[in-house]
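The values are calculated or read from the model by the stated rules, or taken from the named source; none is laboratory data. Everything numeric in this text was worked out from a predicted model, so none of it was measured. Ideal geometry is used to build each Cβ from the backbone, glycine not excepted, and the neighbour counts take in all protein chains shown.
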Number of protein chains: 2
Amino acid sequence: MKKLFIASTSTVHGKAYLEYILPELAHFFSGTKEILFVPFARPNGISFDEYTQIARESFEKIHISVKGIHEYRNMVDAVNNAEGIFTGGGNTFLLVKELYEQKLISAIKNVVENGVPYFGTSAGSNIAGLTMQTTNDMPIVYPPSFNTFGFINFNINPHYLDPNPDSTHMGETRETRIHEFHTLNAIPVLGLREGSWLLGERNKVTLKGPLMARLFQKGKPPLELPPETDFSFLTYV
Amino acid sequence: MKKLFIASTSTVHGKAYLEYILPELAHFFSGTKEILFVPFARPNGISFDEYTQIARESFEKIHISVKGIHEYRNMVDAVNNAEGIFTGGGNTFLLVKELYEQKLISAIKNVVENGVPYFGTSAGSNIAGLTMQTTNDMPIVYPPSFNTFGFINFNINPHYLDPNPDSTHMGETRETRIHEFHTLNAIPVLGLREGSWLLGERNKVTLKGPLMARLFQKGKPPLELPPETDFSFLTYV
């Protein structure tokens, strides 16, 4: 009975860190006094301590304390004792490499599959999918595998960006990149726009927030899906 | 005595494939009757044959014939017999995986270091650097390594894109991504804007085209460098 909160972004334009979802997070983590923060993705290269402090200041507003996973000598024990887990955004390659090196992929997967609430933003949401292959990040380090938690039956493209019709830039659009992924892979990909999140409860995964999301499936035209869409219909095996 | 033509993009807005550099390519490949095309990056998932045909039609205009490397039973022999090599753009992960699987990294490196002219666009330029870690592409397949040809003493970021001051998008800018690379790596990175290319001749690598390029070095502010800049001063070891 997984409990998931998978957000495209931590921050929307003009608001503070996590501000746009703070009431929903209070509800999602209700009853939880402390969460374990995974700072490995290090946005802009900040330290684990600096990053944990940013998360801590936001969660203080909803009376939840935050501990960084790097503060523990035994990180697997920390996961096994966690009331809730939050993985922040940054660089997905760095995040996944560190998770493998610390033997945390299976540890986190295990507790989340047993009901510990999991919250991710951006890179932390990307790894909730089957693989990290639809990340937008640069491969700044070489992880031992691209396979990730697979809490959901598809992949996420966070910060999904529609093509700009006025652009003269010839680099690939996001949609082209995802199409290239589907020439070689069959995993469905959900493009989550900034301001959208997925809520997973009682084995249902539902689109939340004010925006549509764009679903890409191999060999099919993309679909625009409205808030409250239930993604149980995705039956990729 | 390497001969290199490393272009940010194959195509600039409003022009046909390779059109903006065709006169320079005629000069670069002067005396060459046939070049070997590496179509592995498969932009938008097109086939090796389709991609080779696109390259062939452009090079016909300057009276150079094009053979796809996939047309040869023994690709290493094809490289060893090539008069010139062209690696087209597309997905860098796919390109690098295929080059390793076909044992072509060392084969191509060897002939280019012995004077066979090498032309790359986009992904084909990215791999001229020391590693593919500053690609913009999605990791749609898992290559055995991120190390690439290292024809030049630094890395390339092709299709370099300046931040859009009007954007409300919270995904990382290109500059932020390269900064994240430099928190963990010391290799200099040259952001090549669309319309720029590097010309390598007589152990000098020079910026060509009408635009400035942006050089990122670990721990230093970025530099804007004008056309005709000679990159010999980059002494990364």
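For segment A:1-32, the tally of residues that are within 14 Å of chain B (Cβ to nearest Cβ), more than 21 Å from A:Ala128 (Cα to Cα) and part of a loop (DSSP other than H, G, I, E, B) stands at 4. Count of segment B:22-47 residues, restricted to those that are more than 12 Å from B:Gly120 (Cα to Cα) and out of contact with any strand residue (DSSP E or B) (no Cβ under 6 Å at 6 or more places or on another chain), is 17. Annotation: B:Ile35 fulfils all but one of (1) within 14 Å of another protein chain (Cβ to nearest Cβ); (2) closer than 26 Å to B:Gly150 by Cβ; (3) of a type in the set (A, V, I, L, M, F, W, C); the unmet one is (1). Flag not set for A:Val79, criterion: touching a Lys or Arg at 6+ places or on another chain (Cβ under 8 Å), more than 14 Å from chain B (Cβ to nearest Cβ) and not in a loop (DSSP other than H, G, I, E, B). Scanning segment A:199-237 for residues that are modelled with pLDDT of 95 or more, among the acidic types (Asp, Glu) and at negative phi yields A:Glu224, A:Asp230. Note on segment B:131-175: among residues that are modelled with pLDDT under 95 and of a type in the set (Ser, Thr, Tyr), the one that is surrounded by the fewest Cβ atoms within 10 Å (Cβ to Cβ) is B:Thr168. Within segment B:191-201, being in a strand (DSSP E or B), more than 8 Å from chain A (Cβ to nearest Cβ) and either touching a residue at least 60 places away in the same chain (Cβ under 8 Å) or farther than 18 Å from B:Met212 by Cβ (or both) holds for B:Ser196, B:Trp197, B:Leu198, B:Leu199, B:Gly200, B:Glu201. Within segment B:163-190, being touching a residue at least 24 places away in the same chain (Cβ under 8 Å), aliphatic (A, V, I, L, M) and part of a loop (DSSP other than H, G, I, E, B) holds for B:Ala186, B:Ile187. Sort out which residues of segment A:109-122 are hydrophobic (A, V, I, L, M, F, W, C) and surrounded by 23 or more Cβ atoms within 10 Å (Cβ to Cβ), and write them in order of number. Hit for segment A:109-122 is A:Phe119, nothing else.
Each row is one residue, and each column tells you yes or no for (1) in contact with a strand residue (DSSP E or B) (Cβ under 6 Å, 6 or more places away or on another chain); (2) free of Cβ contacts under 8 Å to residues at least 40 places away in the same chain; (3) buried (at least 19 other Cβ atoms within 10 Å of the Cβ); (4) part of a loop (DSSP other than H, G, I, E, B).
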| site | (1), (2), (3), (4) |
| --- | --- |
| A:Gly89 | yes, no, yes, yes |
| A:Leu95 | no, no, yes, no |
| A:Glu98 | no, no, yes, no |
| A:Lys103 | no, yes, no, yes |
| A:Ala107 | no, yes, no, no |
| A:Gly124 | yes, no, yes, no |
| A:Gly129 | yes, no, yes, yes |
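Candidates in segment B:130-182 are the residues that are more than 17 Å from the chain's Cα centre (by Cα) and among the acidic types (Asp, Glu); of these, the one that is nearest to the other protein chains (Cβ to nearest Cβ) is B:Glu180.
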